[in-house]
Amino acid sequence: MRLRTVELVIVLIAAACALAPLPPRLVETAFSTRIYPSLQHVITPLTNLLPIAVFDLLLISAIVLVAIRLARAVGRARRERRFTPLLSTLWHLTTAAAVVYLVFLLLWGLNYRRLRMQDRLVLTSASPDRDGVMALGRESVRRMNALYESAHKTGWPPAEWQDERLRVAFQQVQSVLSDAPHAEPGRLKWTLLGPYFRWTSVDGMVDPFALEVLANPDLLPWERVFVAAHEWAHLAGYAEESEANFVGWLTCLRADEAAQYSGWLYLYWQINGEVAPHDRAELANALAAGPRRDVAAIVGRLRRGQLPLLRNASWIVYDKYLRANRVEEGIRSYGEVVTLILRARFEDGWTPVRRRGR
């Protein structure tokens, strides 16, 4: 009875944490800029030392343990001819899931409830229109065309997390956006989820428990730098996808020409998916031969690997996950970065202007 009471309390606490509103300012000052950076500065450097993904070990262990518990419960229920053992095991697993959810919140998940980027920056009141989006799209094309040759000549770093210019650029962007301690970049790791990433067109993810970066093994060199910067933004506590895209893009723009090319290519790709077909054709026709080959290579990579049914189902689940974590736009938050870029006020060098006291 005492154990059941403790389990009930744990489940109720998890439910309260999932449903109860928390003031973003409180989360920002108490968790995202104090507690979380202290944890990240310890956990990520440790997991960076391991070439394997800790998440894989955690996932395999969880699957095995759940399978064993369920098998034993089913066997006991059949022997005793009653459902009590199975129901008891399901309740224990529910409690375990509640514990995992609480650990998720305390290690990383509360960042979903921090101060939003829109409240952190000085923004224009006008909503972006087609002309603004197309102007940004043309600028991305112009930058890609200008950077292509030097970017390919320089090449991309084999280990992004050890590239000094990219690390410094990441620190600079963090200093502009927040007074929190700088996050430690994570190495891009191969994972057992690699085939799943390939089938569902996922480029990467942050493990919220080991605070490490898992990457799609098929990423092309000119994609990897932006993906690394994007995932580092998640490690810095920017949980929403639009904010991670914003931070990743700004990071690339402050690094070397290869990283800049990766950042502008990402923005071109994002805008390409937002505009009408005739506008998309205009941007594509403006690409020089080199960038056009790189874009075609990305399209080829995606088409070779993806399983449309699994991809669509995966993104539906991820949309529900984002909405459950207070991201109202769901997967549409990926595209919100274009709106954020167009509405933000920038100083020289694409430096966003932060609101006072934020």
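Side notes on the structure shown:
- Net charge dipole, the chain: roughly 1440 debye, given to the nearest 20, about the Cα centre with Cβ charges of +1 for Lys and Arg and -1 for Asp and Glu.
- The Cα trace of the range 58-187 gives Rg and Dmax of 25.7, 74 Å, the first to one decimal, the second as a whole number.
- Of R69, R167, R116, the one that fluctuates the most in a GNM where the chain has Cα springs shorter than 10 Å: R69
- The HN-Hα couplings worked out from phi for the range 63-79 by the Karplus form 6.51 cos²θ - 1.76 cosθ + 1.60 (θ = phi - 60°) are 4, 5, 5, 5, 4, 5, 4, 5, 4, 5, 5, 5, x, 5, 5, 5, 5 Hz, whole numbers, x standing for Gly and Pro.
- Among L93, L192, L123: highest mean-square fluctuation, GNM of the chain, C-alpha pairs under 10 Å: L93
- In this label model, A126 and A289 are separated by 3.9 nm, measuring between points 7 Å along each Cα→Cβ vector.
- Each of V353, V54 has some number of other Cβ atoms within 10 Å of its Cβ, and from fewest to most they run V353, V54.
- Each residue of the range 7-24 is assigned a 3J(HN,Hα), and the resulting list reads 5, 4, 4, 4, 5, 5, 5, 4, 5, 5, 5, 6, 9, 6, x, 10, x, x Hz, derived from the Karplus form 6.51 cos²θ - 1.76 cosθ + 1.60 (θ = phi - 60°), x at Gly and Pro.
- Taking the square roots of five times each eigenvalue of the Cα gyration tensor of the range 2-113, the equivalent ellipsoid has semi-axes of 34, 21, 8 Å, listed largest first.
- Under 5 Å, built H, 5+ apart or other chain: amide partners of L188: E160, W161
- Vicinal HN-Hα couplings computed from phi for the range 104-121 (Karplus, 6.51 cos²θ - 1.76 cosθ + 1.60; Hz; Gly/Pro x): 4, 5, 6, 8, 7, x, 5, 5, 4, 10, 6, 4, 6, 4, 4, 8, 8, 10
- Highest-first arrangement of 228-240, 129-141, 278-290, where packing means the average Cβ count within 10 Å: 228-240, 129-141, 278-290
- A Förster radius of 35 Å combined with the Cβ-Cβ distance from E347 to A18 puts the calculated FRET efficiency at roughly 0.30.
- Highest average first, the peptides 212-219, 5-12 ordered by how many other beta carbon atoms sit within 10 Å of their residues are 212-219, 5-12.
- Interatomic Cα distance distribution for the range 43-86, bins of 5 angstrom, percent: 5, 21, 15, 12, 11, 9, 8, 7, 7, 4, 0
- Antiparallel bridge percentage (DSSP; both residues within the chain; nearest 5): 80
- Multiplying the residue separation of R304 and E257 by 0.36 nm and subtracting their alpha-carbon distance yields 14.0 nm.
- Near V227, once Lys and Arg are set to +1 and Asp and Glu to -1 for all other residues with Cβ below 11 Å from its Cβ, the sum equals -3.
- Projecting the Cα atoms of V100, G75, V299 onto the dipole axis of the chain, where Lys and Arg carry +1 and Asp and Glu carry -1 at the beta carbon, places G75 farthest toward the positive end.
- The charge dipole of the range 41-175, taken about the Cα centre with unit charges on the Cβ atoms of Lys, Arg (+1) and Asp, Glu (-1), comes to about 880 debye, rounded to the nearest 20.
- Among R113, R187, R78, the residue with the largest mean-square fluctuation in a Gaussian network model of the chain, with springs joining Cα atoms closer than 10 Å, is R78.
Here, each number is a calculation from the coordinates, and none is a lab measurement. From a predicted model like this one, the values you see are computed outputs, not experimental measurements. Glycine also receives a Cβ, built like all others from the backbone with ideal geometry; neighbour counts cover every protein chain displayed.
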